[in-house]
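Take a look at the structure set out below.
The values are calculated or read from the model by the stated rules, or taken from the named source; none is laboratory data. The shown structure was predicted, so the numbers you read here are calculated from the model rather than taken from an experiment. Cβ coordinates were reconstructed from backbone atoms using ideal geometry, including for glycine residues, and neighbour counts include every protein chain displayed.
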Amino acid sequence: MFSRPPIYSIAKDYDYVIVSDAYASDYTGGAELSLEALLLKCPSKYLKTYCDQITEQTIASGKDKHWIIGNHSGLSKEMIIELATSGVKYSIVVCDYFYCKYRSSHLHELTTKTPCDCHLTDQGKFILGFYKRAQKVFFMSDGHLNEHKRLFPAMNNWPKNKLLVQGSTFDDETLDMLNNLGAQYPVKNGKWAIQGGGSTSWIKNTEGCIQYCIKNKLPYEILGGLKPKEFLGKLVQYEGLIFLPAGNDTSPRITIESRLLGLGVTLNDLVQHRYDKWFNLPVNELFLCLENRANKFWEMLNDK
């Protein structure tokens, strides 16, 4: 990341201040793409800032704004405390597990060879306090929210309209493209797609997916190394997707894209939206659900 100059004052005509480690213009990750889709439907003017630009002066100048916090690894502990104690109205869009120093209990155990206990540490309690003081906290799936409630039982007693599920969010252009691609390729090639192709991401578990296909005698190909639109243009031609992540994946976009493209999906229980009602809707209803998802976010955000 480049070092960015601090923002000391927020203009009066902004209603929202958006804070994130990165945006879709920096990195086309799932969290960044979802945040961009939300901002495209923002009902009023907003300011995009980066975590490392926030100062006490920034927060003081934006006390009358609604702050929306995305991925926030780069937001210092001091600034989190300032936000939580200054009276600023803020909400958080949680995309993974920020109480864990590895942002994943599975990666924690894989790296340290010991089970994750970060929720019992000062870091876990600190993040719980940050969430408790928020207006709203949005999670990526029922499974994502329920895992937090399991680890932090106190969250079960918080107001129901405080802890919400947003899920992966798509912009209109992407949904139109997926709809058109699905119509162009109603007949599939009989092979199953596995995400990989040069990626070193541990969570994709490419080798485990390959072994699943071999065991079940499924013809497969590994897809990767393509730009997002090229990837979807290739993916649509396959019979289905094998996606067996090695750790909790809160709402993986590729599984949703596969369903929208008319593919079958073989998933494990670490896909945390696997059992969410919306994900299992018929494809035409799933499109309608996703078309309204960004607008629904702003409704939930401002619902008192």
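Structural remarks
- Of all residue pairs spaced 6 or more apart or on separate chains, those with beta-carbon atoms under 6 Å, a first member in the stretch 120-140 that is at pLDDT 95 or above and a second member that is buried (at least 22 other Cβ atoms within 10 Å of the Cβ) and of a type in the set (Gly, Ala, Ser) are 140/167; 140/251.
- Checking each residue in the stretch 154-182 for being buried (at least 18 other Cβ atoms within 10 Å of the Cβ) and among the aromatic types (Phe, Trp, Tyr) picks out only 170.
- The stretch 80-105: number of residues that are more than 17 Å from the chain's Cα centre (by Cα) and within 24 Å of residue 202 (Cα to Cα): 1
- When residues of the stretch 117-145 are limited to those that are surrounded by fewer than 15 Cβ atoms within 10 Å (Cβ to Cβ) and not basic (Lys, Arg), the one farthest from residue 88 (Cα to Cα): 117
- Boolean, residue 254 is assigned to a helix (DSSP H, G or I), outside the structural domain of residue 96 (by TED's automatic domain parsing), surrounded by 15 or more Cβ atoms within 10 Å (Cβ to Cβ) and of a type in the set (Val, Ile, Thr): yes
- Subset tally (residues that are closer than 21 Å to residue 284 by Cβ, out of contact with any strand residue (DSSP E or B) (no Cβ under 7 Å at 6 or more places or on another chain) and of a type in the set (Ser, Thr, Tyr)) for the stretch 213-268: 1
- Condition check for residue 279: touching a residue at least 12 places away in the same chain (Cβ under 8 Å), more than 14 Å from the chain's Cα centre (by Cα) and crowded, with 20+ Cβ neighbours inside 10 Å: yes
- Filter result for residue 279 (under 29 Å from residue 147 (Cβ atoms) and at pLDDT below 95): no
- Selection over the stretch 146-182 of residues that are assigned to a helix (DSSP H, G or I), over 19 Å from residue 279 (Cα atoms) and among the polar types (S, T, N, Q) gives a count of 3.
- Single unsatisfied condition, residue 30 versus (1) at pLDDT 95 or above; (2) farther than 23 Å from residue 3 by Cβ: (1)
- All positions within the stretch 262-298 that are part of a strand (DSSP E or B) and either hydroxyl-bearing (Ser, Thr, Tyr) or outside the structural domain of residue 213 (by TED's automatic domain parsing) (or both): 266
- Residue in the stretch 183-194 that is within 17 Å of residue 283 (Cα to Cα) and assigned to a helix (DSSP H, G or I) present: yes
- Hey, residue 214 more than 15 Å from residue 30 (Cβ to Cβ) and hydrophobic (A, V, I, L, M, F, W, C) or not: yes
- Wholly enclosed strands (runs of 3 or more DSSP E) of the stretch 36-99 bearing at least 2 residues among the acidic types (Asp, Glu): none
- Among the residues examined, residue 178 does not qualify as in contact (Cβ under 8 Å) with a residue 60 or more places away in the chain and either in contact with a strand residue (DSSP E or B) (Cβ under 7 Å, 6 or more places away or on another chain) or basic (Lys, Arg) (or both).
- Among residues that are in a loop (DSSP other than H, G, I, E, B), loosely packed, with under 15 Cβ neighbours inside 10 Å, without any contact (Cβ under 8 Å) to a residue 24 or more places away in the chain and at positive phi, residue 217 is included.
- Selected residue [within 25 Å of the chain's Cα centre (by Cα) and farther than 28 Å from residue 292 by Cα] from 182, 208, 167, 190: 208
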